[in-house]
Structure formats: C-alpha cells, structure tokens
Amino acid sequence: MKVLITGGAGYIGSTIASCCADNGITPVILDNYSTGLRVFARRFDHYEGDIADAALIDRIAAEHPDIDAVVHCAAMIVVPESVSNPLAYYDNNVAKSVSLLRSLTRNGIRRVILSSTASMYEPGEDFMVDESSAVRPLSPYAASKHMVERVLADSAAAGELQALSLRYFNPIGADPELRTGLQNPHPTHAMGKMIEAHNAGAPFTVTGVQWPTRDGSGLRDYVHVWDLARAHVAALALFGAPFEPTHTTINLGTGQGTTVFELAEAFGEATGTPLEVRTAPPRDGDVVGSAARIEKARRVLGWEPERSVADGVRDALAWAEKLPAVLEEEAELKAKAHSKAHSEGQQ
Ligand SMILES: NC(=O)c1ccc[n+]([C@@H]2O[C@H](COP(=O)([O-])OP(=O)(O)OC[C@H]3O[C@@H](n4cnc5c(N)ncnc54)[C@H](O)[C@@H]3O)[C@@H](O)[C@H]2O)c1
C-alpha cells in the first residue's frame, strides 16, 4: 500500500510516516515546510509545495499511480494565531483542503484520513466526550477543522469519497526511536513548559486553578504520538475493503483525563526530580478541557493506546536533547535548497 501524507514533514505527519514504513506501507510526503522539517521528509519520496497546487498533485499522482489513500495532516495549528488571523486559517485549512480534495478525486484518489481535533468539543459535566457529544468550536482553528469534516461528510454522501476524521486529543512524546519529534524548541503547551522549567531548574506555573475539576487545574487527555500514528495504520487497513463512500469520526485519546497538576507529578516521577509548581490565573482562551471516550476507536479500528503519560514524558525529554542537532542539520538542508532554487532561477 502507498499513502500520500500531506504535512508529512510536521510533528504528527512525520511520525505517521515512520509508523507506516515500519508496517509495510510506503509513505510519500507533500509539505511546504512552513513549520515542517526537510530532515523529516527526506527519509521518503517527498515533494516540496502547497496542497492547493493542483499541477503538483497531478504530478505526484502521475509519478505514483499506486497511491491508495491520503492522510491529510497539513494545516496551520496555532490557536491564538487563528484568533488574530482567521482568514489565513480558513484559507490554508479549509479552502486549500477543498482544492486538495478536488485534485485528489480528479486523479482517482478517493480515500482520505483527516487529522482532526478534539478541541471542537463542548465538554459535558464529567469532561468525557464521545463522537456524538456536542461540538462548539471556540477558535477559528477548531472551526476550520470542523468545516473540513463537513466537506468530507458531504463529499462522502455524494459518493465521491471514503473518509475518516480522526479527532486527536493532546499528542505528547516523540517517535520512541527518536527519528522525529516536536520540531518547535519552545512549545507553549504544558509539557513544553515543563521541559523548559526542568532544564532551567525553574518552577513550572500552572495557569488556571479554579476549574471544576478534581484539583482545580485544567484537564487533558494526553495520547502518545506513536499511539496516534498506530491508529492511522489501523485506519488505513480499513481501506483494504471495497470502496464505500462514508464519513466516520473517531476519537483518538487514552480514555483517561489527566489534570495539569497530575501531569507535573508524572513529569517529576519520570525525570526523578520533582517539579516545583506555582500557580497563576488562567491565560486568555484557556479552556477546562476534556478526555476521550474511545470505545469507537476500539470497535472500528481495533486500536488500543499502549503508552503511558510517563512514556510520553520520557520520549519528549529524550527528543528535546536531540533537537538542537536536528535543527542544525535542517538549517544546512534549507540553505542548500535555497541556493539550488536561486541558481535554477538564474538559468
Ligand atoms: N499537535 C496537536 O496538538 C494536534 C492536536 C489535534 C489535531 N492536530 C492536527 O494534526 C495535524 C498535524 O499537526 P502537527 O502538530 O504535526 O503540526 P505541524 O505544524 O508540525 O505539521 C503541519 C505540517 O503541515 C505543513 N503545512 C501546513 N500548511 C501547508 C500547506 N498549505 N501545504 C503543504 N504543507 C503545509 C507544515 O509545514 C507542517 O509540516 C494538523 O492538521 C493539526 O490540526 C494536531
């Protein structure tokens, strides 16, 4: 089986690519390197460009006529940026996805897995959500993902596509073999801040301690990125059956809510050095959070998360140590790519 992974040079897409390759599925990467790394993409057949570049999609399809499906990870993902610049998000995540789907279907590629998000859910009283729970996207980012799900659902209803929208909860960790991981050295989420605090020997600040959770801090469902990747391999296996134009949404989490205080505790246990914790008021846009009910993923995908929060902490820390060398290599590759493009432009 061969699969096109858009955004395959990003954190999650590159991990999916490794997991596919480990399981006998050949990945082909399409990425514009706006946040993704060339170092991640070059391990496989790869194309630099935009998902909305119809001529490029035609070229990829012509060069790989055996592509069976697409895993569509490419997107802009920073929530506050989406609030300040919604048009950029609706353009990149929605309009360009529509263009991509038109190019794919024109080339006979009709099976799609979408990287979707659990951030579109409105958490109920016990913070647990299943796929039928109320959806109320609070940011342009979450709304953009909800819109693409709708596009897929309508296209499936018209017989054009078979699609799975996988709603990820909070990915943590890195490829356990450390081939890839989070490429941003200064992530703003809780785990990133904990790593920064740990490395600096500084306290970690829990922002927002008045939520109606068991200890007042926000609650998330931290799912190891390798488990997420495994779920995509399971989902691709479903495409082995005859084409059936349907759209299905599936939660990917662990089924366990972890509060920020609990994450800090697990972090300290994994490193062997307890993290000193301080508290502060919530930041703008903070939400109480939710955790996944994952019966549907078990039933439909036959998937079960295997890795713990402690595994995620250990892999994230090991990757953070490796990252500076990876980014140096990336800078060299980028400089080479630019000088090649410059000299081709002059010819
Ligand atoms: N990281 C999370 O917490 C999280 C949670 C839920 C869902 N998701 C979804 O997972 C997907 C991957 O997220 P990630 O964390 O790996 O982010 P990322 O920024 O590491 O990856 C996104 C990739 O898409 C590429 N890209 C963006 N726009 C493009 C375009 N127009 N054409 C070609 N390439 C483009 C970027 O260069 C990057 O490599 C996204 O769709 C995101 O919405 C992420």
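Annotations
- In order along the range 103-117, the phi-based Karplus estimate (6.51 cos²θ - 1.76 cosθ + 1.60, θ = phi - 60°) of 3J(HN,Hα) comes to 5, 5, 5, 4, 9, x, 9, 10, 10, 10, 10, 9, 6, 10, 9 Hz; Gly and Pro are listed as x.
- At q = 0.19 Å⁻¹, base-10 log of I(q)/I(0) for the range 198-335 (Debye sum, equal scatterers on each alpha carbon): -1.14
- Neighbourhood charge, 12 Å Cβ-Cβ cut-off, centred on LYS334 and excluding it, Lys, Arg +1 and Asp, Glu -1: -1
- The tail of the calculated P(r) for the range 154-222, taken as Cα-Cα distances beyond 14 Å, holds 74 percent of the pairs.
- Probing with 1.4 Å while keeping every protein chain in the model, the per residue accessible area of the range 22-68 equals 46 Å².
- Computed from Cα atoms, the angle from the helix 225-238 axis to the main principal axis of the chain rounds to 40 degrees.
- Three-way shape label, the range 1-67, alpha-carbon gyration tensor, a/c 1.5: oblate
- Restricting the GluC sites (Glu not before Pro) of the range 238-347 to loop positions (DSSP other than H, G, I, E, B) with no more than 16 neighbouring Cβ atoms within 10 Å leaves GLU276, GLU306.
- Near VAL71, the amide H atoms lying under 5 Å from its own belong to LEU4, ILE5, THR6, ILE113; only residues 5 or more places off or on other chains count, and H is placed 1.01 Å from N.
- Cα-derived Rg over Rh, computed across the range 273-347 with Rh taken as Kirkwood radius: 1.20
- In sequence order, the range 325-335 has phi-based couplings of 5, 5, 5, 5, 4, 4, 4, 5, 4, 5, 4 Hz under the Karplus curve 6.51 cos²θ - 1.76 cosθ + 1.60, θ = phi - 60°, and Gly or Pro positions carry x.
- If both residues of a DSSP beta bridge must be in the chain, then about 5% of such bridges are antiparallel.
- Highest-fluctuation residue, HIS72, HIS224, HIS189 considered, GNM on the chain with Cα pairs under 10 Å: HIS189
- Computed on the Cα trace of the chain, the radius of gyration divided by the Kirkwood hydrodynamic radius gives Rg/Rh = 0.96.
- The range 5-132 - Debye-derived log10 I(q)/I(0), Cα point model, q = 0.10, 0.19, 0.22 Å⁻¹: -0.35, -1.09, -1.34
- Cα centroid of the range 83-154 to Cα centroid of the range 203-218, whole Å: 29
- Measuring r between the beta carbons of GLU196 and PHE243 and using R0 = 35 Å, the FRET efficiency lands at 0.15.
The values are calculated or read from the model by the stated rules, or taken from the named source; none is laboratory data. Keep in mind that what you see is a predicted model, and the values were worked out from it rather than measured. Here Cβ is always computed from backbone atoms with ideal geometry, including for glycine, and neighbour counts include all displayed protein chains. Remember, those area values only see protein heavy atoms, side chains included, never the ligands or the DNA or RNA. Shrake-Rupley method; radii C 1.70, N 1.55, O 1.52, S 1.80 Å.
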